[in-house]
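Chemist: Below is a structure I'd like to ask you about.
The values are calculated or read from the model by the stated rules, or taken from the named source; none is laboratory data. Since we're looking at a predicted model, the values are computed, not measured. Because the Cβ atoms are built from the backbone with ideal geometry, glycine has one as well, and the counts that use them run over all protein chains shown.
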Amino acid sequence: MYTTIRFEKKENIGIATINRPEALNALNSTVIDELEQLIREIEADKSLRAVIITGEGRSFVAGADIGEQCPLDLAGGRAWGQRGSALMRRIERMEIPTIAAVNGFALGGGCELALACDIILASEKAKFGQPEVTLGITPGFSGTQRLPRRVGVAKAKELIFSGKMIRADEAKEIGLANAVYAPEELMNAAEEMAKSFAKNAPIAVKYAKACIDRGMQMDIDDGIAVENELFAMCFGTEDQKEGMTAFLEKRPAGFKNK
């Protein structure tokens with residue numbers, strides 16, 4: 001169904017691979033079209049418990065396609081930025097956990113794609129950056145908003161104003177990447193992490209993600225109120241009864257997403 005993405009399911013884990021290696025997986029209109037379609041399919045598939053996003057070859061995503069952006073005028077630039085930002089927001093707002101397995105270059109739109117995911121795992125060969133100012137533009141897919149929320153305002157300004165690339169070890173040091181692995185270990189690590197999420201009560205994981213994401217945009221009292229409400233809602237689920245009963249009976253829980 002796709003020309004620039006591969007998607008496979010391993011039990012209840014989805015793995016999406018950006019597959020445009022001849023262009024270092026740069027995001028063009030076709031990739032964005034297909035990512036939008038894939039996300040709709042993932043959202044409709046209630047069997048999925050986590051999704052991993054990675055890139056084919058030696059790049060995660062090297063950025064948005066420069067050839068496609070170069071001729072844009074003001075109106076075209078606005079439309080392109082709005083479309084890319086909407087895609088990243090859609091990924092960010094997915095109910096199930098998302099993991100970016102960054103195997104190589106994650107620059108510009110690629111870094112923004114990783115930032116839209118809940119977790120970033122990096123290969124030792126990964127390189128991150130927001131080099132847009134070297135091309136005469138700002139980050140356009142919400143990098144100026146998510147990067148400071150991830151690494152802090154001062155470090156985000158340093159990276160965006162300079163346009164420099166950083167290696168995986170520095171990305172981990174500043175909190176951009178959660179962990180760094182040898183290249184041959186990256187996908188196994190991502191799958192193991194996804195499995196550790198998927199084995200837990202799906203509704204509880206979904207609510208926990210909502211608590212964190214919504215709470216980060218509120219003052220702490222409003223955030224606590226959100227947590228209190230979603231915590232209470234867990235007690236109306238079959239999975240809460242199953243999880244606690246299984247704990248008391250010293251057996252594995254059999255969650256049903258109900």
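Conditions (1) within 19 Å of Glu92 (Cα to Cα); (2) in contact (Cβ under 8 Å) with a residue 12 or more places away in the chain; (3) of a type in the set (D, E, K, R), marked per residue:
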position	(1), (2), (3)
Gln145	yes, no, no
Val151	yes, yes, no
Ile166	no, yes, no
Lys172	no, yes, yes
Met187	no, yes, no
Asn200	no, yes, no
Ala204	yes, yes, no
Gly243	no, yes, no
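Chemist: If we scan the range 96-117, do we find a residue that is surrounded by 16 or more Cβ atoms within 10 Å (Cβ to Cβ), in contact with a helix residue (DSSP H, G or I) (Cβ under 6 Å, 6 or more places away or on another chain) and acidic (Asp, Glu)?
Modeler: The answer is yes; a qualifying residue exists.
Chemist: Given the criteria buried (at least 18 other Cβ atoms within 10 Å of the Cβ), touching a Pro at 6+ places or on another chain (Cβ under 8 Å) and either within 24 Å of Gly110 (Cα to Cα) or outside the structural domain of Pro131 (by TED's automatic domain parsing) (or both), does Ile160 qualify?
Modeler: Against the criterion (buried (at least 18 other Cβ atoms within 10 Å of the Cβ), touching a Pro at 6+ places or on another chain (Cβ under 8 Å) and either within 24 Å of Gly110 (Cα to Cα) or outside the structural domain of Pro131 (by TED's automatic domain parsing) (or both)), Ile160 qualifies.
Chemist: Out of the range 60-91, which residues are more than 22 Å from Lys206 (Cβ to Cβ), under 16 Å from the mean Cα position of the chain (by Cα) and not aromatic (Phe, Trp, Tyr)?
Modeler: Val61, Ala62, Gly63, Gly84, Ser85
Chemist: Kindly provide the set of residues from the range 225-242 that are touching a helix residue (DSSP H, G or I) at 6+ places or on another chain (Cβ under 8 Å) and either assigned by TED's automatic domain parsing to the domain that holds Cys117 or assigned to a helix (DSSP H, G or I) (or both), ordered by number.
Modeler: Within the range 225-242, Val226, Glu227, Leu230, Phe231, Met233, Cys234, Asp239, Gln240 qualify.
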